[in-house]
Amino acid sequence: MQIAAPASGPGAPPTAYIITIGPGDQSWEKFGHNMLEIRHASDKYDDVAFNWGIFDFEAPNFYLNFLRGRLWYSMGGTTEAQKVIDGYRDADRTIWEQELNLSPAQVQALMDYCIWNSQKENREYRYDYFRDNCSTRVRDAVDKALGGQIEKRAATQPSNLTFRSETNRLMADDPFLYIALNYVLGHPTDRKLSAWDEMFIPMRFREQINEISITDESGREVPLVRNEIVLNASKHVFVREEPPNWVGWFTLAGTMLGGAIAACGLALSRWRSKGLNRSIMKNRLIRWGFIGLATAWSFLAGFAGWFVIYAWTCTDHAATHPNENVLQFSPLAMPLIVLWPFVLRGWSKPAKAAWVLTALMLGCSILGLFLKLLPMMNQINGNMIALALPANAGLAWAAWALNPKRGLT
């Protein structure tokens, strides 16, 4: 909805509020949401809310643009703010309301900016999950009305948080997204943030402005937030205070996978030497177990490796490049999908090629581990190393065992 410029008139002075909505159940709701509400806006309408989080799954090429990092969002206004809030309450999401300590002139300046921004030619913007989203747009609008006071105070205030730590904290209850984001996010997500950067998360924005003071028109230092109330407290959404440390679980998963692949390969190698490879049922089960596990990991590692390279070199997702995980999930694994059946038949050249490829994969994994000793290689990817290194080791061990010539000669 496009909001027209209000006609000024008598009445209560306008007041501005930040409405913060906690995480929801859907994947795109995990980071929370916020909007700007202005009450007593004019005689024409009493209450207006502005929201910078509008997107459309049905938009042309939506998913392709998402993959390419060229996703467009828009902002809009509504005179039915209470109806919007009631919708979030019905979804059982936590809702906070913060009244801002702004003068009528500052509220009017904020309103004027939002009206300008809601015009058709101004409403769309290039969305970035970390640097330019629904929360940073609310932050920037309020900061503009305050003459840059929020940025001045928050940009130099250090934080122990990173884009990755916040992503892990909020995505921990969705294992698939947690793993996918951990492997695809690169170096840029591991730098320490400032308090200003933290505000890309609506809930962090709420916390930060509760602590900020501003200089009012009389020169006094006053809190930016005059009052805060909780409109709804979720009864089912649990939000972690810290990101989980699951390196142990990733190590266990990688070790079990690598161990199973290696054990199957060694068993098949011994039975082949005794001429049993076409006889007993137990041998057949081991063969199918090996081909299933080895092929699955080869496909997963190869696809993930190529996707990391794609995200690094062919998209506008700045958070994905560069990325050390290309050493753990290697494109070299993809040819193995074709090679494994021939390896099990005892063909010498495919077995030799599989051994070379898996040895290179293992070497890359070990290199990625030792590169962590260098200060510039500070990507936090312990989970990915813990999963991939033992899996690649098991694959290489099995390929060595199944190579009739036991090596390169």
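Couple of notes before you dig in:
- In region 154-170, the residues that are open to solvent by less than 30 Å² (accessible area, probe 1.4 Å) and either among the aliphatic types (A, V, I, L, M) or outside any helix (DSSP H, G or I) (or both): 154, 159, 162, 170
- Among the candidates 90, 46, residue that is without any contact (Cβ under 8 Å) to a residue 60 or more places away in the chain and touching a Gly at 6+ places or on another chain (Cβ under 9 Å): 46
- Flag for residue 204 being at pLDDT 95 or above, out of contact with any strand residue (DSSP E or B) (no Cβ under 9 Å at 6 or more places or on another chain) and under 29 Å from residue 25 (Cα atoms): yes
- Count of residues meeting criterion [open to solvent by 10 Å² or more (accessible area, probe 1.4 Å), modelled with pLDDT of 75 or more and touching a helix residue (DSSP H, G or I) at 6+ places or on another chain (Cβ under 6 Å)] in region 3-21: 2
- Residues that are closer than 16 Å to residue 104 by Cα and not in a loop (DSSP other than H, G, I, E, B), drawn from region 195-222: 214, 215, 222
- Which numbered condition residue 90 fails, given (1) surrounded by 14 or more Cβ atoms within 10 Å (Cβ to Cβ); (2) over 23 Å from the mean Cα position of the chain (by Cα): (1)
- Residue match in region 347-359 (condition: touching a residue at least 24 places away in the same chain (Cβ under 8 Å), part of a helix (DSSP H, G or I), closer than 19 Å to residue 182 by Cβ and not aromatic (Phe, Trp, Tyr)): no
- From 34, 51, residue being modelled with pLDDT of 70 or more, under 19 Å from the mean Cα position of the chain (by Cα) and part of a strand (DSSP E or B): 34
- Filter pass, residue 384 being open to solvent by 50 Å² or more (accessible area, probe 1.4 Å) and within 27 Å of residue 247 (Cβ to Cβ): no
- Scan of region 37-48 for residues that are part of a strand (DSSP E or B) and of a type in the set (Asp, Glu), ordered by number: 37, 47
- Test: residue in region 237-251 that is open to solvent by 80 Å² or more (accessible area, probe 1.4 Å) and closer than 30 Å to residue 345 by Cβ: no
- Hits in region 330-345 - residues which are touching a residue at least 40 places away in the same chain (Cβ under 8 Å), surrounded by fewer than 23 Cβ atoms within 10 Å (Cβ to Cβ) and among the aliphatic types (A, V, I, L, M): 337, 344
- Only a single item in (1) open to solvent by 10 Å² or more (accessible area, probe 1.4 Å); (2) assigned to a loop (DSSP other than H, G, I, E, B); (3) touching a residue at least 60 places away in the same chain (Cβ under 8 Å) is not met by residue 24, and it is number (1).
- In region 292-344, the residues that are closer than 17 Å to residue 363 by Cα, in a helix (DSSP H, G or I) and not hydroxyl-bearing (Ser, Thr, Tyr): 297, 301, 302, 305, 324, 325, 326, 327, 331, 332, 333, 336
- The residue that is nearest to residue 233 (Cα to Cα), counting only those in region 71-81 that are modelled with pLDDT under 90 and open to solvent by 40 Å² or more (accessible area, probe 1.4 Å), is 80.
- Where a residue in region 257-281 is modelled with pLDDT under 85 and its partner, wherever it lies, is open to solvent by 60 Å² or more (accessible area, probe 1.4 Å), with Cβ under 8 Å and at least six apart: 277/287
Residues are listed down the side, and each one gets a yes or a no for (1) in contact with a Cys (Cβ under 8 Å, 6 or more places away or on another chain); (2) surrounded by fewer than 16 Cβ atoms within 10 Å (Cβ to Cβ); (3) in contact (Cβ under 8 Å) with a residue 60 or more places away in the chain:
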residue	(1), (2), (3)
146	no, no, yes
152	no, yes, no
172	no, no, yes
176	no, yes, no
181	no, no, no
188	no, no, yes
217	no, yes, yes
221	no, yes, no
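The values are calculated or read from the model by the stated rules, or taken from the named source; none is laboratory data. Since this is a predicted model, take the numbers as computed values, not measurements. Note that each Cβ is placed from the backbone with ideal geometry, even for glycine, and that neighbours are counted across all protein chains shown. All accessible areas refer to the heavy atoms of the entire protein, side chains included, with ligands and DNA or RNA removed. Shrake-Rupley method; radii C 1.70, N 1.55, O 1.52, S 1.80 Å.
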